Amino acid sequence: MEVLPLVALVAGCAIIAGLARRTPVPAPLLLVAAGLAAAYVPGVPPYGLDPHIVLPLLLPPLLYTAAVDSSYLDLRANMRPVALLSVGYVLFATLAVGYAAYLLVPGLSLPVALVLGAVIAPPDAVAATAIARKLGLPNRITTILQGESLVNDATAITAYKVALAAAVGASAGWTGGIAEFLLASVGGVGVGLLLMVPIHVLRKTLREPLLQNTLSLLIPFVAYAAAERVHASGVLAVVVVALYLGHRNWQVDFATRLQEAAVWKMVAFILESVVFALIGLQLPVVLKGLGEYEGAAAAGYAVAVFAVVVVARFAWVFPATFLPRLSRRIRAREPETNWKAPVIVGWAGMRGVVSLAIAFSVPVTVPHRNLILFLTFTTVIGTLVVQGLTLPPLIRLLKLPARDLHAQTLAEAQAQSEASRAADERLTELLASPENTLPPPLADRLRTVLERRRNAVWERLGEVNSVTGESADDVYRRLAGEMIASEREVFVSLRDARRIDDEMLRALLRRLDLEEAAAYREETA
């Protein structure tokens with residue numbers, strides 16, 4: 001692909017995704033619509049993806065950024081439901097969707113139908129977990145959805161490779177396929193376990209944030225390539241490494257963490273936006289290549305596959321929720337549940353980037369490839385429209401117990417209080433040493449900053465401003481922002497008057513930026 005079309009694609013996707021944030025319409029739907037419209041504009045070049053590079057290029061960074069932000073401890077505590085969804089459900093959906101497509105579509109062989117089933121089997125819970133957090137769903141449901149989306153990709157890709165080998169006549173039979181599945185799974189975890197500690201040691205050894213972040217960008221590709229080299233699951237290797245690094249992220253310096261968070265948000269934003277835009281850009285080409293399946297027949301197949309996807313999700317989720325609870329040990333270990341939680345989990349089965357990436361990677365030699373792409377596109381769009389738009393009102397209708405924000409804030413305040421007490425004791429101990437002598441104003445400033453951190457969380461529990469509705473902490477942050485903005489304007493005016501140079505301006509502005517970042521806590525979506 002030439003440089004200009006690539007730049008235009010990325011820039012257009014960023015603009016549309018940014019505009020979508022100002023509308024109630026999900027960004028993926030606007031991106032698909034814009035891509036479809038652009039495909040019919042004269043002069044727009046065809047956008048194609050090499051099937052051999054799609055998975056290694058798209059999946060590793062997307063999985064890495066999601067896994068790094070996940071909680072290893074929460075996932076471990078909910079391992080049973082996560083495993084039932086990420087492994088059991090994906091295999092069940094692969095068989096259910098594949099066999100249904102085999103029965104519905106004339107001329108579609110069972111191996112090719114199973115390729116389709118594996119492609120659209122894994123839900124992409126990014127949108128679902130964002131909605132869950134925004135609406136304050138219980139942490140356990142959010143953790144289960146997020147954990148499912150991390151591991152189900154490995155299950156789906158491994159099942160896809162087994163079905164693909166059968167579709168192109170390279171399979172050693174179903175027994176060999178099962179053996180390959182187990183080898184890929186165990187091998188992927190093993191490669192991740194072998195890589196995670198050396199990579200973490202290297203991250204801690206490097207002291208330069210730019211070098212650390214360069215390494216961070218390489219990690220998912222290295223883990224994926226190393227696992228694939230030994231015919232193991234690259235996805236599982238990436239997830240294992242990312243979970244370990246995310247769990248120990250506190251051991252790298254603050255500059256690396258700040259840069260890394262910003263870099264990976266940008267990478268995920270661009271990749272996800274581009275993939276959805278490519279649906280629209282490639283849909284006309286796919287429609288032209290449907291051949292005997294075009295028109296009303298193709299639309300009927302799309303509706304039928306979408307229905308099977310939705311029904312199969314509920315057919316698995318309800319038994320997987322309640323049957324294990326017949327065990328007294330599981331009932332004692334896990335919190336009580338009712339029918340509402342599996343309804344939410346069942347309806348939160350939107351498909352997304354992972355299914356699209358797998359579909360784009362289907363070799364052009366596979367029979368009925370365009371039909372597989374078409375049914376993947378329609379299923380992704382259908383789940384985003386039908387389930388994505390109705391999930392928030394469904395959550396409100398069912399009135400699940402909301403996350404206890406007061407209890408969370410109280411726990412945060414207590415944790416900060418304990419940490420501040422330890423810091424205060426350490427400061428007193430340090431100041432008692434002659435080598436740490438400070439003028440009283442500077443020593444008082446250290447204590448003031450510490451006191452500010454200790455009180456900030458408690459202030460969120462206090463009364464709000466009767467005029468603005470803000471807490472004392474909100475007012476403090478707003479006023480701090482106004483003061484810093486005034487300082488910033490003065491620095492710029494001094495630079496413009498040639499009283500300071502640009503290098504000094506950058507140093508002063510960076511100091512203000514760090515102080516402003518310290519004054520503002522990150523709001524959870």
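Numbers for the structure displayed
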{"quantity": "Only one of Ala341, Ala312 that is surrounded by 13 or more Cβ atoms within 10 Å (Cβ to Cβ) and more than 30 Å from Pro61 (Cβ to Cβ)", "calculated": "Ala341"}
{"quantity": "In the stretch 220-251, residue nearest to the chain's Cα centre (by Cα) [restricted to those that are among the β-branched types (Val, Ile, Thr) and surrounded by 20 or more Cβ atoms within 10 Å (Cβ to Cβ)]", "calculated": "Val239"}
{"quantity": "Residues of the stretch 92-116 classified as farther than 20 Å from Thr158 by Cα and outside any helix (DSSP H, G or I), total", "calculated": "4"}
{"quantity": "Scan of the stretch 409-441 for residues that are among the hydroxyl-bearing types (Ser, Thr, Tyr) and at pLDDT 85 or above, ordered by number", "calculated": "Thr428, Ser433"}
{"quantity": "Enumerated helices (runs of 4 or more DSSP H) restricted to the stretch 357-440, each holding at least 1 residues that are open to solvent by less than 60 Å² (accessible area, probe 1.4 Å) and closer than 20 Å to Phe306 by Cβ", "calculated": "369-382, 389-398"}
{"quantity": "Conditions (1) among the aromatic types (Phe, Trp, Tyr); (2) closer than 27 Å to Ile53 by Cα; (3) open to solvent by 50 Å² or more (accessible area, probe 1.4 Å); number of the one not met by Phe276", "calculated": "(3)"}
{"quantity": "Yes/no for Leu36 being touching a Phe, Trp or Tyr at 6+ places or on another chain (Cβ under 9 Å) and surrounded by fewer than 23 Cβ atoms within 10 Å (Cβ to Cβ)", "calculated": "no"}
{"quantity": "Test set (1) surrounded by fewer than 13 Cβ atoms within 10 Å (Cβ to Cβ); (2) of a type in the set (A, V, I, L, M, F, W, C); (3) more than 20 Å from Leu145 (Cα to Cα) - Leu323 fails condition number", "calculated": "(3)"}
{"quantity": "Odd one out for Ala307, checked against (1) closer than 30 Å to Ala17 by Cα; (2) open to solvent by less than 30 Å² (accessible area, probe 1.4 Å); (3) of a type in the set (Gly, Ala, Ser)", "calculated": "(2)"}
{"quantity": "Filter pass, Arg477 being assigned to a helix (DSSP H, G or I) and either modelled with pLDDT under 85 or not hydrophobic (A, V, I, L, M, F, W, C) (or both)", "calculated": "yes"}
{"quantity": "Residue list for the stretch 56-67, filter: buried (at least 22 other Cβ atoms within 10 Å of the Cβ) and not hydroxyl-bearing (Ser, Thr, Tyr)", "calculated": "Leu58, Leu59, Pro60, Leu62, Leu63, Ala66, Ala67"}
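Yes or no, residue by residue, for (1) farther than 25 Å from Leu394 by Cα; (2) open to solvent by 30 Å² or more (accessible area, probe 1.4 Å); (3) under 19 Å from the mean Cα position of the chain (by Cα); (4) modelled with pLDDT of 90 or more:
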| residue | (1), (2), (3), (4) |
| --- | --- |
| Asp69 | yes, yes, yes, no |
| Tyr72 | yes, yes, yes, no |
| Val90 | no, no, yes, yes |
| Ala93 | no, no, no, yes |
| Tyr102 | yes, yes, no, yes |
| Asp124 | no, no, yes, no |
| Thr142 | no, no, yes, no |
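The values are calculated or read from the model by the stated rules, or taken from the named source; none is laboratory data. Bear in mind that the values here come from a model prediction, so they are computed numbers and not experimental data. Every residue, glycine among them, receives a Cβ derived from its backbone with ideal geometry; neighbour counts consider all protein chains shown. Surface areas here come from the heavy atoms of the whole protein model, side chains and all, with no ligands, DNA or RNA. Shrake-Rupley method; radii C 1.70, N 1.55, O 1.52, S 1.80 Å.
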